[in-house]
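Please treat every number below as a calculation from the coordinates, not as lab data. All values derive from a computational prediction rather than experimental measurement. Cβ: placed from backbone, ideal geometry, glycine included. Neighbour counts: every protein chain shown.
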Amino acid sequence: MDSTSASPSRTKRLQAIYDGLKEGQALTKTQKVLYSQELQRQEVQERLDHLTQQVDSQIEDINRRLVNVKMSVDTLKEPNTVPILSKPVSAIPASSTIDQASTQDEATNVENLVLPGSRSPAYVVYAGRNNQHGVFYAWKTVNGVQGANTIYDHNDHNHVIRSFSSCQLAHQFYQEFVDAGIPKLLAEHQPSKDELFLILEGVQPMVCKNRKSMIMDALQFRGGVVRKYSGTVEGAWTEFNKLKSAGSMRKIHSHRAMF
């Protein structure tokens, strides 16, 4: 009597165990598939990042050559053709704070420095020698006006420079960059081949393998929220996706500005 009444209950328990094991196997299989897909996604993202970096490096090389051409043209000009500033304007020190009044005064004086045919009245060095950075109104030092080439070396791939067609735009982008604390973050760490950055807020939130990609691709020469990451690329993307799922990622300045 007891064995007969216990049998259906035992059968149900065995069936429940079997169903649980079967469901666990199915979940494990699904998990493996998702993990494989995530690895494939990361590989595609890495290839895309690599191609993007190649394209941006080529663009930067072209920009650098154009800057060098402009520098050569300026060098060939007669000394008396170089306009004299009523007030010398030097690069803005990395530790300085730009206020609107001083920016307008400097921009007014800078107009006299721009040579005929020049399309770049201002340069911003985002990463230069000894972690220096700032806004410059000339490529090389002229009449007491410090040139961008004093802290920028095109042979150093960790250096980043951008020319702007407007002094006001150069100051705007540079100030966003400084206010975001990016220069301080870079100064705290020496450039390395294995450095990684999580861009949580920027024009293109992503994981960047170096500071040049972070400034050029993700922030696109503006400000944002950046976190230094120590670990593997896979771990960086995993952390990035967690923060993204938690709502900590945000796109800002959705359109690339015209320089």
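Computed values, structure above
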{"read-out": "Residue count, segment 213-246 (criterion: buried (at least 18 other Cβ atoms within 10 Å of the Cβ), of a type in the set (Ser, Thr, Tyr) and either more than 18 Å from LEU51 (Cα to Cα) or touching an Asp or Glu at 6+ places or on another chain (Cβ under 6 Å) (or both))", "value": "1"}
{"read-out": "Residue that is nearest to the chain's Cα centre (by Cα), among those in segment 212-248 that are on the phi > 0 side of the Ramachandran plot and of a type in the set (Gly, Ala, Ser)", "value": "GLY224"}
{"read-out": "Where a residue in segment 223-247 is closer than 28 Å to GLN172 by Cβ and its partner, wherever it lies, is charged (D, E, K, R) and surrounded by 14 or more Cβ atoms within 10 Å (Cβ to Cβ), with Cβ under 7 Å and at least six apart", "value": "GLY223/GLU176; GLY224/GLU201; VAL225/GLU201"}
